[in-house]
1. Within the stretch B:237-257, is there a residue that is under 15 Å from the mean Cα position of the chain (by Cα), buried (at least 23 other Cβ atoms within 10 Å of the Cβ) and within 30 Å of B:ALA138 (Cα to Cα)?
2. Taking A:THR61, is it buried (at least 22 other Cβ atoms within 10 Å of the Cβ), among the hydroxyl-bearing types (Ser, Thr, Tyr), at pLDDT 90 or above and touching a strand residue (DSSP E or B) at 6+ places or on another chain (Cβ under 9 Å)?
3. Which members of the stretch B:243-292 meet the condition of being touching a Gly at 6+ places or on another chain (Cβ under 6 Å) and without any contact (Cβ under 8 Å) to a residue 24 or more places away in the chain?
4. Working only within the stretch A:78-121, note down all residues that are over 14 Å from the mean Cα position of the chain (by Cα), aliphatic (A, V, I, L, M) and surrounded by fewer than 21 Cβ atoms within 10 Å (Cβ to Cβ).
5. For the structure I just gave you, tell me whether A:ASP226 is out of contact with any His (no Cβ under 7 Å at 6 or more places or on another chain), within 29 Å of B:ALA251 (Cα to Cα) and in the same structural domain as A:ALA94 (by TED's automatic domain parsing).
6. Look through the stretch A:175-203, keep the residues that are more than 14 Å from chain B (Cβ to nearest Cβ) and touching a Leu at 6+ places or on another chain (Cβ under 6 Å), and return whichever of them is surrounded by the fewest Cβ atoms within 10 Å (Cβ to Cβ).
7. Identify the single condition in (1) at pLDDT 85 or above; (2) crowded, with 20+ Cβ neighbours inside 10 Å that B:ALA17 does not satisfy, given that it satisfies every other one.
8. Of all residues in the stretch B:281-333 being surrounded by fewer than 17 Cβ atoms within 10 Å (Cβ to Cβ) and outside any loop (DSSP other than H, G, I, E, B), which is nearest to the other protein chains (Cβ to nearest Cβ)?
Amino acid sequence: MTPPRTRHTGPAGGAGPHALELRDITAGYDRRAPVLRGVSLSLREGEAVGLLGPSGCGKSTLAKVAALLHRPDAGTVHLGGEPARGFRHRAPRAQRTAVGVVFQSPRLAADPRLTLSALIAEPLLATGRKAGAADRTRELARAVGLGPDLLGRRPHEVSDGQLQRACVARALALRPRVLVCDEMTAMLDASTTAALVAVVEDYRARSGAALLAVGHDRTLLERWCDRTVELHGGGTDSALRSAPRAAAGTSAG
Amino acid sequence: MSADTLTPETVAGPPAAAHPLLSVRELTVRFRMRGGREVAAVTDVGLDLAPGECLALVGESGCGKSVLASALLGLLPGNAHVSGSAVLRGPGEADGLDLLTADEATLARTVRGRRVGLVPQSPAAHLTPVRTVRSQLAETVRELTGARGEELRAATLTAAGRAAFPADHLDRYPHQLSGGLAQRAATALALVGDAPLLLADEPTTGLDRDLVDRTVDELRAHTDEGRGLLIITHDLAAAERVADRVAVMYAGRIVELAPAPDFFGTPGPRHPYARGLLEALPERSFTPIPGMPPELGDLPAGCAFAPRCDRAADVCATVPQLTGGVACHRPLTAAAGEGPAARREGSRV
């Protein structure tokens, strides 16, 4: 039996360029036992795709490949039509910064020594945008709902929800064309979840960025995204099954 | 808070609450910080838990939920100042034991693991990484039951089985377990001492929905055997699935305490914060509560939710007491009357 390994189901008439295209990705942490085999997924400009699947199915690995943070064993990644020319530290800056990433645990994703404002400004300073960094940081902080009193604090002085707000601001700092949110809200309460989804959707509405939201909360991703895809197997047969947005779902934010 | 607001009747307890397993009264926890600053982590919490009952404590992160759990286990850091009482009563025990005043030796030798079992937030971090599950489980069984030799081997297997931990995974190290199995291993440890009270602090964080459902169903099954379960969670779906009653915590206080069917169904939540939290769910209106929770070290005078509340009025300048299951000067009334009427009233006075 040969189940279809890949199935593209972009919106009808999708002739536009793809913001992100993953083709026949085989990836994992042991070449003999890859987590993903031959997985393909495309996001059109401005499209929001939710990636669902059980724990351990490889959805986070796929998200890392999409963010150029993990080199696949086989397959190609295209960003805005251009093939990725490297992964991790070998990714060229222009491609690396075209993708903004938010991870599940803000504690693990934030340097504990930095204040929240330094955390948000880090991508700006790292790419030589010192001029205007302070203004941009304030603007980003306002967008995610962090007041000036919180910006001077370090991660251990704020709650998970507040720290994740800073991580979202950091991901938006360089105005990415693609956002990858890997379980962004898994540790957050309902209200903070809704608030951060609204921040992401507000940015996407203004910028036209595409979104790959990874998670296991079907209700959330069906409400949030234009369509959801489900990753099965992981190991022997990775197959994506695609579903359009739930009928009842309306745009977030 | 006066004692009369805390009778079992007004806190919406089941009939069995006349002999509660755990009675918490006026529990207050303050942290003394450098520079004389004080953090009001928990304020005036009162609740009862009956055998066979599950109470879910829900609220945003940083609202004091976990501090409450640590206080019940005597695990607060040295700069914490605790007042009030939390009496744990065994069946037929007249006086019970106040967990807040018990000394460390009593807590260590007779309470933790024996009378109160803790299902931890992060099972992977709770387990020792350098030893197998079997070795950790056997150690706990030996300590709590005194079993030795062949008897210990058998008791360890039984203990694993009670939490549905597969016997063929017992010789694995924690890093070789999936999130769900690590959770079961931690639950197995919590159940060894046959403690009448189970305390589960965010037991489902990071698990996928199927595993969340399975984990809370298993906790529910242990509750149905006659234990009391206090589950602390921010996952409202998990709370709805498992709980008999729901306590909503905001800024260190319980602002609503209601039977779960009333809270999640009709008539629905009565505190504006609780309503906001429920309405933020993606299956409901997916709208966040405006603003953020206040700092516990810098609480506003009066009702701590008033700055974010669309129903706030002058009367909200004083702290509302928990009466009839809700601590709000202007609670929402029955669901039928809400909607447009509520919005009209909601305009600031």
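1. Yes; the residues of the stretch B:237-257 include at least one that is under 15 Å from the mean Cα position of the chain (by Cα), buried (at least 23 other Cβ atoms within 10 Å of the Cβ) and within 30 Å of B:ALA138 (Cα to Cα).
2. In short, yes.
3. B:ILE289
4. Answer for the stretch A:78-121, where residues must be over 14 Å from the mean Cα position of the chain (by Cα), aliphatic (A, V, I, L, M) and surrounded by fewer than 21 Cβ atoms within 10 Å (Cβ to Cβ): A:ALA94, A:LEU108, A:LEU114, A:ALA118.
5. Numbers: out of contact with any His (no Cβ under 7 Å at 6 or more places or on another chain): yes; within 29 Å of B:ALA251 (Cα to Cα): no; in the same structural domain as A:ALA94 (by TED's automatic domain parsing): yes.
No, not satisfied.
6. A:VAL178
7. The failed condition is (1).
8. Result: B:PRO307.
The values are calculated or read from the model by the stated rules, or taken from the named source; none is laboratory data. Note that this is a predicted model, so its numbers are computed, not measured. For neighbour counting, all protein chains shown are included, and Cβ atoms are generated from backbone atoms with ideal geometry for every residue, glycine included.
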